[in-house]
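Take a look at the structure below.
We did not get these values from a lab; they are worked out from the coordinates using the rules stated. Here the structure is a predicted model, which is why all the values come from computation and not from measurement. Every residue, glycine as well, gets a Cβ built from its backbone with ideal geometry; the counts of neighbours run over all protein chains shown.
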Amino acid sequence: MTTPVCTSASNAAYPSLNAAYPSFSAYVKARQPVLLRTARSLTANPSDAEDLLQTALAKTYVAWERIEDHRALDGYVRRALLNTRTSQWRKRKVDEFACDELPEPEGVQAGDPAEQQALHDAMWRAIMKLPARQRAMVVLRYYEDLSEVQTAEVLGVSVGTVKSAVSRALGKLREDPELEPVR
């Protein structure tokens with residue numbers, strides 16, 4: 001079930017609408033379902049179709065006095081629908097452009113996924129060798145991306161303790177033989 005485009009509620013809000021052009025109001029009430037189907041054929045979204053029809057009817061209302069042959073109103077409104085939709089299509093913002101090659105994001109190394117997984121596993125094995133406190137600080141700082149102050153608050157230690165423990169942990173990771181191929 002569709003909601004009428006021009007309802008009696010809008011007529012109550014704008015009494016001059018019926019007073020100025022009662023024939024327009026009668027036309028909209030009679031032809032609204034047909035015109036809405038036409039608008040839906042121009043858009044993918046039913047809400048967009050209702051908006052499109054509303055805009056086309058507003059344009060028709062403004063030109064109501066200039067329309068000489070009221071038997072051709074459907075054609076006039078259909079043309080208004082089509083022109084409005086074309087204008088909307090032309091104004092849309094295009095964010096994507098076709099290109100021959102897919103761009104790779106900066107910083108992403110295109111490599112063998114198996115090698116990347118092996119490196120990931122080796123890193124976690126090296127981190128698991130660290131003492132529990134250093135491991136917690138490294139995980140909070142680099143995997144959870146907390147600041148030194150936030151890490152200190154979470155663990156209930158001073159910022160200096162976090163700095164020194166993380167420094168020692170990174171030194172141990174640098175010396176780990178499993179991570180030598182990365183260096």
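Could you pull out every one of the lysines with an alpha carbon less than 28 Å from that of Lys91, ignoring same-chain neighbours closer than 8 positions?
Cross-link targets: Lys59.
Kindly put Met137, Met128 in sequence by how many other C-beta atoms sit within 10 Å of each C-beta, fewest to most.
Met128, Met137
Find how many whole Å separate the alpha carbon centroid of the range 127-183 from the alpha carbon centroid of the range 28-55.
Using only Cα atoms to place each centre, the spacing works out to 61 Å.
By count of other Cβ within 10 Å, fewest leading, how are Asp112, Asp74 ordered?
Final ranking by Cβ density, sparse to dense: Asp112, Asp74.
Any idea how far apart Arg78 and Gln54 come out in nm if each label point goes 7 Å out from Cα toward Cβ?
Between Arg78 and Gln54, the simple spin-label model gives 2.5 nm.
How far is it, in nm, from the label point at Gln116 to the one at Met128 when both lie 7 Å from their Cα along the line to the Cβ?
About 2.2 nm, to one decimal.
Taking Lys172 as the anchor, which lysines have their alpha carbon closer than 29 Å to its alpha carbon, excluding any fewer than eight residues away along the same chain?
Lys129, Lys163
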